[in-house]
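Here is the structure we will look at.
The values are calculated or read from the model by the stated rules, or taken from the named source; none is laboratory data. What you see is a predicted model; the values in this text were computed from it and never measured. In this analysis, Cβ positions are derived from the backbone assuming ideal geometry, glycine residues included, and neighbour counts consider all displayed protein chains.
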Amino acid sequence: MTSRFTLRNVAVLTLLALLGVAFWTLGSGYTPDAELNRTAAYYAQNTASEIGAQNVVTAIIVTYRGLDTLGEVTVLFLTAAIVALVLGQTKAPRGSSGSGFLPSGELLTTGTQMLLPIILLFGAYVFVNGHLTPGGGFQGGAILASGMLLLLLAEPGRRFGHRIISRVESLSGLTYVFIGVLGIALAGGFLDNRILPLGAFGSILSAGAIPLIYALIGLKVGAEFSSILESLEETEDA
Amino acid sequence: MYLVAMAAGFLLILMGLYGALTHRNILRMIVGFTLADSGVHLVLVAVGYLPGRTAPILDSAVPLDEAAQRIIDPVPQALVLTAIVIGLGITALMLAYAYRLFRTRKSLDIAEFTELKW
């Protein structure tokens with residue numbers, strides 16, 4: 001890096017300037033729609049009667065586009081598996097990682113003990129209420145995994161059971177698919193939420209199978225994020 | 001308001017791409033990519049916003065029969081939720097590969113990985 005005005009930098013800046021012009025024309029000519037497009041209007045009108053969920057985004061993610069969400073969870077699983085594979089081959093010998101760390105300190109250890117149950121409870125609250133409030137399985141799962149991250153920070157040498165995490169993950173994934181297949185048998189199609197009664201609109205036990213599916217997604221996402229964090233933590237010796 | 005969000009999103013995309021293209025340290029390139037990722041999310045959410053409407057949650061603020069006139073577009077929000085999750089997966093993968101490269105070659109400088117250069 002002798003000169004800042006190399007050919008490379010000029011090329012990058014030209015490219016970004018062109019992109020900026022494209023963005024500018026896109027943004028300056030943009031006027032927001034006055035009303036919803038047909039797909040969105042259909043979701044807005046029929047979510048309450050067809051799905052029974054207050055949160056329209058949840059209805060789209062879990063039921064209308066449920067297959068996509070199954071694919072998304074699969075992609076996440078694949079990511080966790082590849083991260084474990086890539087990092088597993090460079091794993092530090094047992095005992096060498098973790099033991100070299102300084103103790104994490106009284107404040108972090110005690111704080112973790114106090115906060116961890118609350119964080120886990122909050123995560124469960126977020127994914128159980130996914131059909132009523134902003135939130136859902138992915139957000140709740142991320143909160144669960146943040147609790148695991150706190151645990152990893154407080155006790156760097158600790159190993160949690162890989163087996164428990166992978167059991168939770170595969171069981172919730174299997175049940176998710178099983179509920180989807182039940183939708184074919186008992187209701188209108190794969191992942192149809194009407195295999196359970198829709199219940200009173202706006203109550204916690206409503207929207208058919210959505211709370212169940214979102215709880216399963218929450219557990220699965222939490223387990224996947226935890227296994228990614230754990231793979232990253234176990235190699236932390238360099 | 002949506003214009004502010006959209007401009008910020010476009011700016012984040014440009015900043016992220018600039019960082020990813022000019023920096024030589026792989027970790028800085030990853031940070032650039034995640035910045036551009038956040039920018040794309042911001043722009044997508046801003047496109048779904050309709051002035052004067054409320055969030056797509058059918059609570060007491062939204063009468064059910066007027067829902068289509070009262071809520072903003074829920075589809076971009078669902079898309080962005082998916083994009084955030086996949087973006088996290090991509091970031092985790094990039095970091096894992098960067099770690100692997102560092103372990104095998106003791107360097108994070110992209111200029112030292114010349115196998116794919118032509």
When you check B:ARG100 against the structure, is it charged (D, E, K, R) and in contact with a Lys or Arg (Cβ under 8 Å, 6 or more places away or on another chain), yes or no?
no
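Could you look through region B:105-114, keep only residues that are of a type outside the set (Gly, Ala, Ser) and part of a helix (DSSP H, G or I), and pick out the one that is farthest from the other protein chains (Cβ to nearest Cβ)? Walk me through it before giving the result.
Pass one, region B:105-114, residues of a type outside the set (Gly, Ala, Ser): B:105-106, B:108-110, B:112-114.
Now restrict to residues that are part of a helix (DSSP H, G or I): B:105, B:110, B:112.
Numbers: B:ARG105: 12, B:ILE110: 12, B:GLU112: 14 Å.
Filtering region B:105-114 for residues that are of a type outside the set (Gly, Ala, Ser) and part of a helix (DSSP H, G or I), the one farthest from the other protein chains (Cβ to nearest Cβ) comes out as B:GLU112.
Table: residues versus (1) farther than 25 Å from A:GLY136 by Cα; (2) in contact with a Phe, Trp or Tyr (Cβ under 9 Å, 6 or more places away or on another chain); (3) at pLDDT 90 or above.
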position	(1), (2), (3)
B:PRO56	no, yes, no
B:ALA68	no, yes, no
B:VAL80	no, no, yes
B:LEU88	no, yes, no
B:PHE113	yes, no, no
Looking only at region A:180-193, count how many residues are crowded, with 19+ Cβ neighbours inside 10 Å and not in a loop (DSSP other than H, G, I, E, B).
3
Can you tell me which residue within region B:56-72, out of those that are more than 7 Å from every other protein chain (Cβ to nearest Cβ) and part of a loop (DSSP other than H, G, I, E, B), is nearest to the chain's Cα centre (by Cα)?
B:ILE72
Just checking, how many residues over region B:12-33 are of a type in the set (Val, Ile, Thr) and either surrounded by fewer than 19 Cβ atoms within 10 Å (Cβ to Cβ) or over 14 Å from the mean Cα position of the chain (by Cα) (or both)?
3
So which residues in region A:65-77 are more than 8 Å from chain B (Cβ to nearest Cβ) and at pLDDT 85 or above, if there are any at all?
A:LEU67, A:LEU70, A:GLY71, A:VAL73, A:THR74, A:PHE77
Farther than 13 Å from B:MET6 by Cα and in contact with an Asp or Glu (Cβ under 7 Å, 6 or more places away or on another chain) - does that describe any residue in region A:12-19?
no
Working only within region B:1-47, note down all residues that are in contact with a Pro (Cβ under 7 Å, 6 or more places away or on another chain) and at the interface with chain A (Cβ under 10 Å from one of its Cβ atoms).
B:TYR2, B:VAL47
Please specify each residue of region B:24-68 satisfying the condition of being of a type outside the set (A, V, I, L, M) and without any contact (Cβ under 8 Å) to a residue 12 or more places away in the chain.
B:ARG28, B:GLY52, B:ASP59, B:SER60, B:PRO63, B:ASP65, B:GLU66
Could you grab the pairs with beta carbons closer than 8 Å, sequence gap of 6+ or different chains, first residue in region B:76-104 and more than 9 Å from chain A (Cβ to nearest Cβ), second one surrounded by 16 or more Cβ atoms within 10 Å (Cβ to Cβ) and aromatic (Phe, Trp, Tyr)?
B:THR91/B:PHE33; B:MET94/B:PHE33
Go through region A:143-179 and give me each residue that's of a type in the set (Phe, Trp, Tyr) and in a helix (DSSP H, G or I).
A:TYR176, A:PHE178
Among the candidates A:ILE184, A:ILE165, A:ILE217, residue that is within 14 Å of chain B (Cβ to nearest Cβ) and among the aliphatic types (A, V, I, L, M):
A:ILE217
Looking at region A:127-136, can you tell me whether even one residue there is under 25 Å from B:PRO56 (Cβ atoms), more than 14 Å from chain B (Cβ to nearest Cβ), under 24 Å from the mean Cα position of the chain (by Cα) and modelled with pLDDT of 80 or more?
yes
For region A:29-66, name all the residues that are crowded, with 23+ Cβ neighbours inside 10 Å and part of a loop (DSSP other than H, G, I, E, B).
A:LEU36, A:GLY52, A:ALA53, A:GLN54
Lone unmet requirement of (1) modelled with pLDDT of 85 or more; (2) more than 18 Å from the chain's Cα centre (by Cα); (3) within 9 Å of chain B (Cβ to nearest Cβ) for A:ALA22:
(3)
